[in-house]
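One structure is given below, encoded as structure tokens.
The values are calculated or read from the model by the stated rules, or taken from the named source; none is laboratory data. On a predicted model such as this, the values are computed, not experimentally measured, just so you know. Cβ sites come from the backbone with ideal geometry, for glycine too, and all protein chains shown count toward neighbours. These area figures cover heavy atoms from the full protein model, side chains too; ligands, DNA and RNA do not enter into them. Shrake-Rupley method; radii C 1.70, N 1.55, O 1.52, S 1.80 Å.
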Amino acid sequence: MNVKITCFLPCRKGSQRIANKNIRPFSNYQYGLLEIKLNQLAKVQEIDEIILSTNDEEIINYASTLDISNLIVDVRDDRLCSNQTSTDELIEYAGKIVQEGHILWTHVTSPFITEEVYTKAIAEYAAGLKAHYDSLMTVSTINGFIWNEGGPVNYDYTNEKWPRTQTISPLYEINSGIFLASTNVYHERKDRIGDRPLFYETSTIESLDIDWEEDWKIAEAIMNQVYNEELKIR
């Protein structure tokens, strides 16, 4: 893309479910998920700036030691870093500090959204803008039997009680790995996606979002056994 892409990486201090999860040691990484994510983002040539938005002094101190030329540390007010801060408030904030171009919103808790995934997603987004899409978000595809209290959601039980899962129309779960949209979407819609988002499907491993201690253990095992040893992503 020939327009500016700014990555917005929110990393507030504290966590309700996993203590200090942004910078807690993870696998072979002393500074954990944040170290992994900044290493990945720094390799994406299409990203012009990386805004690390935080109120955590430990994160700020670590970031100051890094030789990443396009890294900008945004010291966010504690008022916008509490458990009560809504995502809508943070979206409005991101739209205020990034005034032009496009915003790639991502999280350290998606360690398997690698530089290759970011690069491909940006290319898909650029192509999508030339079609009828106005934004992009990563999704996990669900092809199973999905029910609510009223019965099946994604297939007709009266027609066939147990169809082959391959024939079921898929549903898509937003996995929060990547949101990509222009600053116009942020300013006009007060949102990180437009009204015509492109679904960028990610694999089961890529989609893993670390939200609970169980997620941490699973992700660390994958990083230890698959990525560090076989793919050598570091």
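A few notes on this one:
- Those residues of region 173-188 which are over 12 Å from Ala94 (Cβ atoms) and either assigned to a helix (DSSP H, G or I) or touching a Gly at 6+ places or on another chain (Cβ under 6 Å) (or both), in sequence order: Asn184, Glu188
- Residue in region 40-47 that is in a helix (DSSP H, G or I), open to solvent by 30 Å² or more (accessible area, probe 1.4 Å) and either farther than 18 Å from Thr183 by Cα or without any contact (Cβ under 8 Å) to a residue 40 or more places away in the chain (or both) present: yes
- Any hit, region 168-184, residues being of a type in the set (Val, Ile, Thr), at pLDDT 90 or above, surrounded by 11 or more Cβ atoms within 10 Å (Cβ to Cβ) and over 21 Å from Glu201 (Cα atoms): yes
- Odd one out for Glu206, checked against (1) in a helix (DSSP H, G or I); (2) surrounded by 11 or more Cβ atoms within 10 Å (Cβ to Cβ): (1)
- Members of region 9-39 found to be among the basic types (Lys, Arg), in contact with a helix residue (DSSP H, G or I) (Cβ under 7 Å, 6 or more places away or on another chain) and crowded, with 21+ Cβ neighbours inside 10 Å, listed by number: Lys21
- For region 131-140, taking the residues that are over 17 Å from Asp191 (Cβ atoms) and either modelled with pLDDT under 95 or part of a loop (DSSP other than H, G, I, E, B) (or both), the one that is most open to solvent (accessible area, probe 1.4 Å) is identified as His132.
- Pair list, Cβ < 8 Å and 6+ apart or interchain, from region 191-216 residues that are free of Cβ contacts under 8 Å to residues at least 60 places away in the same chain to residues that are β-branched (Val, Ile, Thr): Ile193/Val185
- Taken over region 102-130, the residue count meeting the criterion of being in a helix (DSSP H, G or I) and within 23 Å of Leu90 (Cβ to Cβ) is 5.
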